[in-house]
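The values are calculated or read from the model by the stated rules, or taken from the named source; none is laboratory data. Note that the coordinates shown come from a computational prediction; the quantities given were computed from them, not determined experimentally. Glycine gets a Cβ as well: all are built from the backbone with ideal geometry, and neighbour counts include every protein chain shown.
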Ligand SMILES: NC(=O)c1ccc[n+]([C@@H]2O[C@H](COP(=O)([O-])OP(=O)(O)OC[C@H]3O[C@@H](n4cnc5c(N)ncnc54)[C@H](OP(=O)(O)O)[C@@H]3O)[C@@H](O)[C@H]2O)c1
């Protein structure tokens, strides 16, 4: 059985577990991480970006760090596909759902990481935690979609798939557009911060985060799986907390910060 590091690790800790149980255990673990994520972010336990500036920890270059930490979520699903498509031929619907996941991580690894402008180096503990998360999540989602689920072609006409895909696309567009807005705030060689304006930033401080959380909410709706829900919950918890931290930081650092702007959920929070 072709397997990756995460699978082998779980197997080493719990030798009698089968692979379907493994992806279910990982989904419940991820829900636990979702509960802890806001505490970790708001307490500054794993700082990066503007909060990691004075860190004494070993650091890795921003671009290299983002490529390497996100890469497992791109490469592992491709590896699982290559090693399982003969024994478990995926349906077209399974491939579409996996394709959405790969589309996001392809963007994150190949486009976003390479276009970061003036980004702060990532402290090693954050980098390693992010890489561990992307490895676990890539393993869990790929194995669920390619080995333990069989979506019929009629799934594509179901309400949850249609609404889920629409939310995914809207979320991806918002995340991409807000990433571009942030990048364009800096000229060549600049590393400081300005007030982001336009698109979702008119409503919330974490416009890029709101976009990404919407993406995974939509994907979870389209997949209708415990694994999809666990990832969406983690993304919402982590990114919601980071939006809140950014919101407080902007209000402290900019006297003219727009007062109507919320942190993460437009008009609410
Ligand atoms: N799925 C998940 O759980 C997850 C987790 C984390 C991140 N992400 C995604 O990864 C992407 C990056 O996340 P992040 O936490 O690094 O985002 P971020 O803190 O908003 O920073 C994004 C980039 O923009 C720069 N930047 C941010 N605010 C700026 C401002 N006001 N003026 C000038 N430049 C500014 C940052 O530079 P500095 O580095 O110098 O601050 C960094 O290079 C986002 O799209 C996010 O959705 C996803």
* Answer yes if at least one residue in segment 22-37 is within 23 Å of residue 127 (Cα to Cα), out of contact with any helix residue (DSSP H, G or I) (no Cβ under 7 Å at 6 or more places or on another chain) and at pLDDT below 85, and no otherwise. => no
* Structure fact -> The lone condition residue 145 fails out of (1) closer than 22 Å to residue 9 by Cβ; (2) within 17 Å of the chain's Cα centre (by Cα) is (2)
* Structure fact -> Taking segment 148-166 and keeping residues crowded, with 20+ Cβ neighbours inside 10 Å and assigned to a helix (DSSP H, G or I) leaves 161, 164
* To do: Among the residues of segment 189-220, write down those that are more than 9 Å from the ligand (Cβ to nearest atom), in a loop (DSSP other than H, G, I, E, B) and in contact (Cβ under 8 Å) with a residue 60 or more places away in the chain.
  => 189, 203
* Which of the residues belonging to segment 35-49 are more than 19 Å from residue 263 (Cα to Cα) and within 12 Å of the ligand (Cβ to nearest atom)? -> 46
* Structure fact -> Exactly one of 237, 233 is part of a helix (DSSP H, G or I), more than 10 Å from the ligand (Cβ to nearest atom) and touching a helix residue (DSSP H, G or I) at 6+ places or on another chain (Cβ under 9 Å), and that one is 233
* **Count - residues of segment 105-134 that are part of a helix (DSSP H, G or I) and either buried (at least 20 other Cβ atoms within 10 Å of the Cβ) or near the ligand (Cβ under 10 Å from one of its atoms) (or both)** => 12
* residue 137 being modelled with pLDDT of 95 or more, within 9 Å of the ligand (Cβ to nearest atom), surrounded by 21 or more Cβ atoms within 10 Å (Cβ to Cβ) and more than 25 Å from residue 29 (Cα to Cα) -> no
* Identify, from the list 242, 183, the residue that is crowded, with 22+ Cβ neighbours inside 10 Å, within 9 Å of the ligand (Cβ to nearest atom) and touching a residue at least 12 places away in the same chain (Cβ under 8 Å). => 242
* Check on residue 96, over 17 Å from residue 179 (Cβ atoms), part of a helix (DSSP H, G or I), in contact with a helix residue (DSSP H, G or I) (Cβ under 6 Å, 6 or more places away or on another chain) and more than 11 Å from the ligand (Cβ to nearest atom) -> no
